[in-house]
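Worksheet for the structure shown next.
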Amino acid sequence: MKVYSILLEGFRNYASFEAEFSDTVNVIAGNNAQGKTNLLEAVYFLSAGRSFRARTDRELIHFDRDGAHIRADIDSGGRGHRLEAFLHRTKRRQFLSNGVRLKTASALSGKLRTVLFCPDDLNLIREGAAVRRRLMDGCLCQLRPRYAEALTEYNRILEHKTRILRDYHQKPSLLETLDDFNLRMAQMGAQLIYYRAAYAALLAEKAAVIHREFSGGSETLSVRYLTVKTIEDPAKKPAELLEPLLEHLKTHRRAELETGTCLSGAHKDDLEILINGTPARTFASQGQARTAALSLKLAERDIHFADAGEYPVLLLDDVLSELDPKRQSFVLNRINEGQVFITCCDEVSLLPGTGGRLLRIAGGRLA
Ligand SMILES: Nc1ncnc2c1ncn2[C@@H]1O[C@H](COP(=O)(O)OP(=O)(O)OP(=O)(O)O)[C@@H](O)[C@H]1O
Ligand SMILES: [Mg+2]
């Protein structure tokens with residue numbers, strides 16, 4: 001998986017920008033606020049169909065423009081491919097693959113695979129469950145187009161159901177549709193849980209190997225998938241997960257109506273991370289938690305490799321500067337295959353002897 005070149009028109013602080021990339025390491029260097037992260041964001045956008053930090057398309061469009069165009073020429077599975085996104089202030093965004101318009105963002109799934117790694121990810125272990133669900137979702141949406149579709153639909157239902165639970169006091173007739181929403185939610189949730197269980201098993205396997213190496217053999221990392229309590233074996237087929245999901249919804253119905261929130265479903269899932277058998281979220285030291293987070297992120301890359309036979313594009317945003325020299329060199333040694341984009345303010349130490357390209361960015365231009 002490689003990005004050969006990119007063109008940006010009116011994206012963030014890039015009025016008009018074109019660049020070609022090395023198929024090994026690309027160091028994106030520059031002072032603060034020059035557009036380094038924006039460049040990674042553009043690559044990520046074509047991969048995931050959304051930004052990792054903007055909530056609306058408007059944020060992504062240059063202040064002085066009405067629209068933005070991102071275009072990348074990539075290699076995917078040995079074949080050349082052109083991916084494009086058009087963003088507008090007043091219309092819906094559009095994606096094109098080799099000039100053909102895609103119906104949904106989910107259709108992008110898997111075309112350009114990326115793993116993004118930013119300083120926030122170092123808090124993966126200690127933060128709330130939402131960040132770990134995002135880890136699962138981010139990877140699975142790229143691996144399985146059907147997962148991306150199910151997740152979009154699940155979130156739509158969840159939003160709708162939340163409105164019902166909030167507004168039914170004023171409008172009791174809303175409650176007539178609640179059972180339908182619960183059924184639909186359980187159906188989509190069963191899909192998510194089925195895929196997540198398989199993903200968590202893979203993550204557990206790959207992360208354990210990396211973490212063992214990382215800790216010099218002294219620590220064992222395990223990953224456990226936590227989902228709705230009534231499900232005994234989340235690895236069962238979705239059809240078999242439906243019954244326990246509906247059961248759980250039923251027993252939580254009253255509490256949901258009383259609290260006005262959705263208490264039952266896959267949107268509460270989590271990954272429990274254990275180091276030497278102890279829950280890392282509560283007991284790991286700061287350093288242990290960081291190492292474990294690195295192991296999980298690096299494992300994500302290996303999962304893509306196992307699935308597609310090639311490494312995803314790795315986007316490292318400011319993460320190396322956050323690490324001590326030992327962890328830095330562990331990461332750099334582990335990622336010497338595949339294409340990598342690294343942003344940093346001080347480029348000197350990062351570019352390896354051979355290959356690789358240094359791009360200096362200043363004010364949304366190549367300096
Ligand atoms: N829609 C937009 N239109 C124009 N400029 C924008 C837009 N969105 C963000 N910017 C500008 O982009 C700059 C931030 O770019 P970016 O986040 O890529 O910085 P960076 O080079 O990664 O900096 P740092 O080293 O601090 O992380 C800011 O100056 C911001 O004002
Ligand atoms: Mg940045």
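The values are calculated or read from the model by the stated rules, or taken from the named source; none is laboratory data. Please read all numbers here as calculations on a predicted model, not as lab measurements. Here the Cβ positions follow ideal geometry from the backbone for every residue, glycine too, while neighbour counts run over all protein chains shown.
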Output the number of the condition that Asn26 fails; it satisfies all remaining conditions of (1) out of contact with any helix residue (DSSP H, G or I) (no Cβ under 7 Å at 6 or more places or on another chain); (2) away from ligand 2 (no atom under 16 Å from the Cβ). (2)
With the requirement that a residue be away from ligand 2 (no atom under 16 Å from the Cβ) and either surrounded by fewer than 19 Cβ atoms within 10 Å (Cβ to Cβ) or not hydroxyl-bearing (Ser, Thr, Tyr) (or both), what does segment 29-47 give you? Leu46
Within segment 102-111, is even one residue touching a residue at least 12 places away in the same chain (Cβ under 8 Å), β-branched (Val, Ile, Thr) and not assigned by TED's automatic domain parsing to the domain that holds Ser295? yes
From the list Gly287, Gly260, pick out the single residue that is surrounded by fewer than 16 Cβ atoms within 10 Å (Cβ to Cβ) and in contact with a helix residue (DSSP H, G or I) (Cβ under 6 Å, 6 or more places away or on another chain). Gly260
Sole miss for Ala42 among (1) near ligand 1 (Cβ under 8 Å from one of its atoms); (2) within 18 Å of Leu314 (Cβ to Cβ); (3) without any contact (Cβ under 8 Å) to a residue 40 or more places away in the chain; (4) not hydroxyl-bearing (Ser, Thr, Tyr) is condition (1)
When both residues are 6+ apart or on different chains and their Cβ atoms are under 8 Å apart, which pairs have a first residue that lies in segment 335-355 and is at pLDDT below 85, and a second that is within 16 Å of ligand 2 (Cβ to nearest atom) and not aliphatic (A, V, I, L, M)? Cys345/Gly30; Cys345/Asn31; Cys345/Asn32; Cys345/Ser321; Asp346/Ser321; Glu347/Arg360; Leu350/Cys344
Wholly inside segment 82-158, strands (runs of 3 or more DSSP E) that include 3 or more residues that are surrounded by fewer than 21 Cβ atoms within 10 Å (Cβ to Cβ) are 94-97, 100-102
